[in-house]
Amino acid sequence: MRQATLQRKTGETTISITLNLDQAKASSINTKIPFLDHMLSLMAFHGQFTLNIDAKGDLLVDSHHTVEDIAIVLGEVFKEAIGTKEGIARYASLFSPMDETLTRIALDISNRPTLVFSWSYVRESIGGLALENVREFLKAFTDNARLTLHASVLYGDNDHHKVESIFKGIGRALREAVLIKGNSVPSTKSVL
């Protein structure tokens with residue numbers, strides 16, 4: 001099975017994450033940021049993987065450090081769990097609807113970290129998650145997972161729906177991209 005567990009401890013946060021890409025059991029996510037817990041649970045559910053997160057951070061200061069450090073560790077644990085990348089589909093692109101909102105997700109498990117992210121929001125925060133930190137989460141995740149990710153909220157009115165369509169869409173795209181489709185690294189270079 002493709003799985004990994006990693007911890008990170010800094011002066012600002014203590015993070016522990018276990019990811020199993022090949023098993024869809026109930027996830028246990030405790031970041032102390034209720035809306036982020038909800039989004040990560042949705043990402044794991046729609047990605048059909050098991051994700052366990054225990055995070056403690058300096059939330060009295062701000063949610064930024066906790067959000068970013070969770071994304072760093074999640075990216076690192078994803079990169080470790082995916083392993084050699086032999087046989088994976090590598091690419092995925094899809095549209096992710098959530099009521100009136102539509103988000104386009106395209107990703108490549110490329111080993112070339114790139115984030116292109118387009119959205120707008122009205123509210124400052126939802127359930128303890130400052131919405132400016134959605135970009136910070138995606139940037140830290142793509143940098144450490146070494147993914148190319150394009151995510152664009154094409155339209156929508158409700159900020160909750162926008163964030164939910166992003167996280168559900170990323171989960172679904174990750175599921176498609178990590179599926180085993182062959183027995184070699186999907187690159188003409190023979191390495192990713």
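This ranking places Thr10, Thr101 by how few other beta-carbon atoms lie within 10 Å of each, fewest first, which gives Thr10, Thr101.
Charge dipole of the chain (Cα centre as origin; +1 on each Lys and Arg Cβ, -1 on each Asp and Glu Cβ, all else neutral): 800 debye, rounded to the nearest 20.
Put a plus charge on the Cβ of each Lys and Arg, a minus charge on the Cβ of each Asp and Glu, and nothing anywhere else: the dipole of the stretch 120-192 about its Cα centre is then about 440 debye. Would you please name the GluC sites (Glu not before Pro) within the stretch 121-164 that are DSSP coil residues with at most 15 other C-beta atoms within 10 Å of their C-beta? Counting only loop positions with at most 15 other Cβ atoms within 10 Å, the GluC sites (Glu not before Pro) in the stretch 121-164 are Glu124. As a proxy for reagent exposure, Thr14, Thr142 were ordered by neighbouring Cβ count within 10 angstrom, fewest first; the result is Thr14, Thr142. Exposure proxy shown here: for Tyr155, Tyr91, the number of other Cβ atoms within 10 Å sets the order, fewest to most, as Tyr155, Tyr91.
We did not get these values from a lab; they are worked out from the coordinates using the rules stated. What you see is a predicted model; the values in this text were computed from it and never measured. Counting neighbours? That spans all protein chains shown, and the Cβs are built from the backbone with ideal geometry, glycine included.
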